[in-house]
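Notes follow the structure.
The values are calculated or read from the model by the stated rules, or taken from the named source; none is laboratory data. What you are looking at is a predicted structure, and each value in this text was computed from that prediction instead of being measured. Because the Cβ atoms are built from the backbone with ideal geometry, glycine has one as well, and the counts that use them run over all protein chains shown.
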């Protein structure tokens with residue numbers, strides 16, 4: 001016999017011999033017809049993912065209600081380092097703050113004091129740029145041009161990129177050009 005049940009986002013699913021799904025200790029499982037379930041569901045040990053910080057934040061907010069740990073392999077937002085808000089979130093990659101620190105160290109090693117930055121118009125790009133901009137300011141490194149690139153490369157045409165190159169050329173004294181660092185890998189051409 002199959003029973004229908006609802007999961008978050010109002011998606012309806014069919015499952016054999018099933019009941020309500022939950023992950024709260026001492027939760028009583030009951031089929032919609034009142035009978036005992038044939039399958040005893042085990043507690044979820046943890047969740048792997050997501051690949052983006054935006055999604056990880058949403059998933060982490062849901063999982064913390066049930067005290068379920070989440071391990072992400074690609075979420076780098078510094079926001080996820082807040083252990084009071086994301087106490088069950090872990091990651092296998094460093095925060096964007098570490099990446100920005102490394103970039104500032106490279107810029108200092110190259111003795112650049114005036115640079116231009118291109119970054120992606122996404123949560124990842126904007127947050128990473130904000131961290132980098134703050135670190136650059138603290139280290140007396142000036143930004144000649146900061147340009148936000150549209151996330152959907154299908155929207156931008158050659159004239160869009162030509163205009164960005166023209167802007168970069170208006171500041172010839174800018175020693176370094178930082179690009180690509182704050183763009184998702186799939187966005188690279």
Looking at region 140-148, can you tell me whether even one residue there is at pLDDT 85 or above and out of contact with any helix residue (DSSP H, G or I) (no Cβ under 9 Å at 6 or more places or on another chain)? yes
Filter region 131-140 down to the residues that are surrounded by 15 or more Cβ atoms within 10 Å (Cβ to Cβ) and closer than 24 Å to residue 172 by Cα, then identify the one that is farthest from the chain's Cα centre (by Cα). 136
Of (1) part of a helix (DSSP H, G or I); (2) within 17 Å of residue 74 (Cβ to Cβ), residue 94 satisfies all except one. Which? (1)
From the residues in region 32-67 that are within 15 Å of residue 86 (Cβ to Cβ) and in contact with a strand residue (DSSP E or B) (Cβ under 7 Å, 6 or more places away or on another chain), which one is surrounded by the most Cβ atoms within 10 Å (Cβ to Cβ)? 56
Which one of these is surrounded by 13 or more Cβ atoms within 10 Å (Cβ to Cβ) and touching a helix residue (DSSP H, G or I) at 6+ places or on another chain (Cβ under 8 Å): 122, 95? 95
Does region 47-76 hold any residues that are free of Cβ contacts under 8 Å to residues at least 60 places away in the same chain, outside any strand (DSSP E or B) and within 14 Å of residue 92 (Cβ to Cβ), and which are they? 49, 50, 51, 56, 69, 73, 74, 75, 76
